[in-house]
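Remarks on the structure that follows.
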Amino acid sequence: MKKLKKFFRDWKLPISMTLGVIAYFAFRALPLSAEARQFSFVAVSRWIQPILLFMMLFLSFIKVKPTELRPHRWHLRVLGEQAMWFVVFSVLAMMASSEGLKVLCEGAMLAFICPTATASAVITGKLGGSTSGVVTYLLLCNLMVSLLAPAFLTLVEPHAESSFLTSLFMIMGKVFPLLLSPLIIAWVVRYLLPEFHRWLLKFPDLAFNIWFVSLALAITVTVRSIMHSNVSYWYLVGLAIVSCVCCLVQFWRGRKIGGKYGHESSVTAGQAFGQKNTVFIIWLGLVFLNPVTSVVGGFYSVWHNTVNSWQLYKVRKKDS
């Protein structure tokens, strides 16, 4: 039993991802109507997942003092590089000579402009990084995305109903309520309910355990989006490769930039740059670009969680 518990503790991420895949095919095998399947998908993606994300953010934010949310030099460098690659691929998408090439460039756009995952604070802490550092980047990154993304998304795929201001308010309405509300509540708990705050701090792995469930659901939704897409095989392969390359480049560049300021900053910057809010990628692709590009979010979810699993394995191996 001890060996089984240790195995489960050491391989939580791969187990969660595997359970997510199994859950999709098990659910698909149930004799349910199309309406029941659609309702279940909506319940998971619109209600259950946001609640779990809110809980993870809240449990991460209560560990961070407001005075610890200070910009670091690596924050500005990573933000600058993230913005630069987004602009580069936006220009390439506008100059693309074929529809296929444009779709691949749009996929890279989404992979780079997407803000940091809300669960990044959980993994960053496990890897020995700075929770306050990644939370600070999370706030700065979402602000940058809200201002920069609408300007180029409306140029790459012009829509009569999507002006810059319309896109700006749509994106801000998507990212800030879920981001700011747990932050404000966490600070209220810290200063007005100190005993409750101290009690919550007794469960340091609670956010990671919630993420185990959230990740399984995210993989289930990812598999569903890929299986239900009408994208051709070659587009799927191309977008899978693009998302994989973008994922590895961002983890590597984040580590490289942060490494100039010490090991802790290297880990934190790597997670801040590489671990993405893949649900946001899917939403951006469906609403603002060619809907085919939304598949990038599903593939990116697999790649960055694979990288996280490998990093956690390296940390466990080093500790043992």
- request: For a quick protection proxy, order the peptides 31-43, 166-178 by their average other-Cβ count within 10 Å, most packed first.
  value: 166-178, 31-43
field: For the range 127-196, projected area of the alpha-carbon convex hull averaged over all directions, nm²
entry: 6.7
query: Where does the chain land on Rg(C-alpha)/(2.2 N^0.38 Å)?
result: 0.99
- request: Quick one: divide the alpha-carbon radius of gyration of the range 1-80 by 2.2 N^0.38 Å and tell me what you get.
  value: 1.67
task: Wrap a convex hull around the Cα atoms of the range 180-316, take a quarter of its surface area, and give that in square nanometres.
output: 10.6
query: With a ≥ b ≥ c the root eigenvalues of the C-alpha gyration tensor of the range 1-159, is it rounded (a/c under 1.5), prolate (a/b larger than b/c) or oblate?
result: oblate
- request: Report the residue, chosen from F196, F212, F61, that carries the largest GNM mean-square fluctuation when the chain is represented by alpha-carbon nodes joined by springs under 10 Å.
  value: F196
statement: Sorted on mean Cβ neighbours within 10 Å (highest first), peptides 181-189, 311-319 come out as 181-189, 311-319
message: Under a Cβ-only charge scheme (Lys and Arg +1, Asp and Glu -1), can you give me the dipole magnitude of the range 62-179 about the Cα centre, in debye to the nearest 20?
response: 640
task: Under 23 Å Cα to Cα from K174, which lysines show up? Leave out anything in the same chain fewer than 8 places away.
output: K276
query: Gaussian network model of the chain, Cα springs within a sub-10 Å range: biggest mean-square fluctuation belongs to which of V287, V122, V223?
result: V287
- request: Would you mind telling me which residue in G258, G128, G270 has the biggest mean-square fluctuation in a Gaussian network model of the chain, where springs connect alpha carbons within a distance under 10 angstrom?
  value: G128
- line: Per the helix-only model, the chain has a calculated mean residue ellipticity at 222 nm (DSSP H runs of ≥4, -39500 (n - 2.57) each, divided over all residues, rounded to the nearest 500) of -26500 deg cm²/dmol
task: Would you mind classifying the range 41-91 by shape? Square roots of the alpha carbon gyration tensor eigenvalues, ordered a ≥ b ≥ c; an a/c under 1.5 is rounded, otherwise it is prolate if a/b is larger than b/c and oblate if not.
output: oblate
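We did not get these values from a lab; they are worked out from the coordinates using the rules stated. Note that the structure is a prediction, hence the values are computed from the model and not measured. Methodologically, a virtual Cβ is constructed for each residue, glycine included, from the backbone with ideal geometry; neighbour enumeration extends over all protein chains shown.
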